[in-house]
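The block underneath contains the structure these notes are about, expressed in structure tokens.
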Ligand SMILES: *Cc1c(COP(=O)(O)O)cnc(C)c1O
């Protein structure tokens with residue numbers, strides 16, 4: 001392990017805001033802005049920096065030595081936590097969904113986690129669903145010793161508070177701000193940080209198991225972080241393309257064409273669905289002519 005470096009997590013903030021000329025928008029008199037959160041930090045791109053930073057600060061203040069968190073085999077959050085642990089000198093433990101992965105060669109994402117010193121612990125899906133149960137966490141403590149728990153996706157009240165800065169950076173810049181949603185922490189904070197009159201749209205990339213589940217999650221995060229609902233936000237739920245990491249030829253063709261038009265590599269799990277959704281909504285007349293729409297670019301491929 002390299003020695004901890006408190007400067008190592010220094011971000012590029014505020015993240016750049018770029019206006020682009022994209023025909024499906026400009027043809028309707030709508031301005032399209034890209035909020036380049038993917039440029040915040042090379043090791044913790046995008047919203048993962050904004051969500052982890054306050055948690056890491058709290059861990060350091062509490063004297064915690066180890067962080068334990070949860071994710072799927074391709075989780076950007078696991079990667080960001082592993083990188084932050086290496087840079088700041090925390091031990092990290094990643095509880096990974098899917099016991100069939102134990103003993104198999106690591107995919108590139110998990111290999112990066114391991115190279116950053118993360119201990120990987122694979123559990124089956126039934127066990128993974130119990131990840132917030134006290135008995136389950138007690139069993140993990142018996143196995144791994146003392147640690148601070150960061151929830152799946154990093155989305156807790158500190159994370160939502162960290163993401164209010166994203167909203168504040170966009171005050172006065174756009175009428176509508178849109179972000180792709182996994183666990184919803186980014187949307188919860190973004191909406192809280194915008195000015196009155198600005199509205200936020202979240203585009204879920206997972207297919208909700210229960211109706212309104214994500215809506216309740218965002219509302220709950222706002223209650224925990226801010227004491228109640230904040231901001232004007234809604235979910236555009238028709239753009240998950242079948243679920244997490246699922247894609248279709250139509251989505252791929254859209255993302256390829258966007259890349260070609262603008263020379264911007266489009267991350268396919270989250271950002272492609274966000275940009276597709278905004279383009280479809282613009283086509284349906286959801287944004288008035290003369291307004292500006294900002295898309296939060298939360299990651300790179
Ligand atoms: C994690 C992630 C998101 C989703 O953020 P949530 O706060 O979990 O909703 C969006 N985009 C990218 C690139 C991500 O890695």
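The values are calculated or read from the model by the stated rules, or taken from the named source; none is laboratory data. Because the structure is predicted, anything quoted here is derived from the model rather than measured. FYI the Cβ positions are ideal-geometry reconstructions off the backbone, even for glycines, and counts take in every protein chain you see.
Values as computed for the structure displayed
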| quantity | calculated |
| --- | --- |
| Any helices (runs of 4 or more DSSP H) falling wholly within the range 1-113 and containing at least 1 residues that are modelled with pLDDT under 95 | 47-62, 76-88 |
| Residues within the range 160-181 that are within 21 Å of residue 11 (Cα to Cα), assigned to a loop (DSSP other than H, G, I, E, B) and either within 10 Å of the ligand (Cβ to nearest atom) or free of Cβ contacts under 8 Å to residues at least 60 places away in the same chain (or both), tallied | 1 |
| Any hit, the range 123-137, residues being closer than 17 Å to residue 85 by Cα, away from the ligand (no atom under 16 Å from the Cβ) and either in contact with a helix residue (DSSP H, G or I) (Cβ under 7 Å, 6 or more places away or on another chain) or in a helix (DSSP H, G or I) (or both) | no |
| Matching residues, the range 24-46, being on the phi > 0 side of the Ramachandran plot and surrounded by 22 or more Cβ atoms within 10 Å (Cβ to Cβ) | 46 |
| Among the residues listed as 153, 184, the single one being in contact with a strand residue (DSSP E or B) (Cβ under 9 Å, 6 or more places away or on another chain) and free of Cβ contacts under 8 Å to residues at least 40 places away in the same chain | 184 |
| Cβ pairs under 6 Å, 6+ apart, first in the range 63-81 and closer than 18 Å to residue 44 by Cβ, second in a loop (DSSP other than H, G, I, E, B) and within 14 Å of the ligand (Cβ to nearest atom) | 67/150; 69/150; 80/44 |
| Residue match in the range 196-206 (condition: under 19 Å from residue 75 (Cα atoms), touching a strand residue (DSSP E or B) at 6+ places or on another chain (Cβ under 8 Å) and touching a residue at least 40 places away in the same chain (Cβ under 8 Å)) | yes |
| Among the candidates 226, 213, 239, residue that is within 16 Å of the ligand (Cβ to nearest atom), more than 15 Å from the chain's Cα centre (by Cα) and without any contact (Cβ under 8 Å) to a residue 12 or more places away in the chain | 213 |
| Residue ID - nearest to the chain's Cα centre (by Cα), chosen from residues in the range 145-159 that are within 16 Å of the ligand (Cβ to nearest atom), within 18 Å of residue 60 (Cα to Cα) and not in a loop (DSSP other than H, G, I, E, B) | 154 |
| Filtered residues of the range 45-69 (kept if more than 10 Å from the ligand (Cβ to nearest atom) and within 14 Å of the chain's Cα centre (by Cα)) | 49, 52, 53 |
| Number of positions in the range 238-260 that are part of a loop (DSSP other than H, G, I, E, B) and exposed (fewer than 14 other Cβ atoms within 10 Å of the Cβ) | 4 |
| Filtered residues of the range 264-284 (kept if touching a residue at least 60 places away in the same chain (Cβ under 8 Å) and assigned to a loop (DSSP other than H, G, I, E, B)) | 264, 267, 269, 270 |
| Selection within the range 183-196 - crowded, with 24+ Cβ neighbours inside 10 Å and near the ligand (Cβ under 10 Å from one of its atoms) | 184, 185, 186, 187, 188, 189, 190 |
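Results for (1) at pLDDT 95 or above; (2) within 12 Å of residue 20 (Cβ to Cβ); (3) within 10 Å of the ligand (Cβ to nearest atom), shown as yes or no for each residue.
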| position | (1), (2), (3) |
| --- | --- |
| 260 | yes, no, no |
| 282 | yes, no, no |
| 296 | yes, no, yes |
| 300 | no, no, yes |
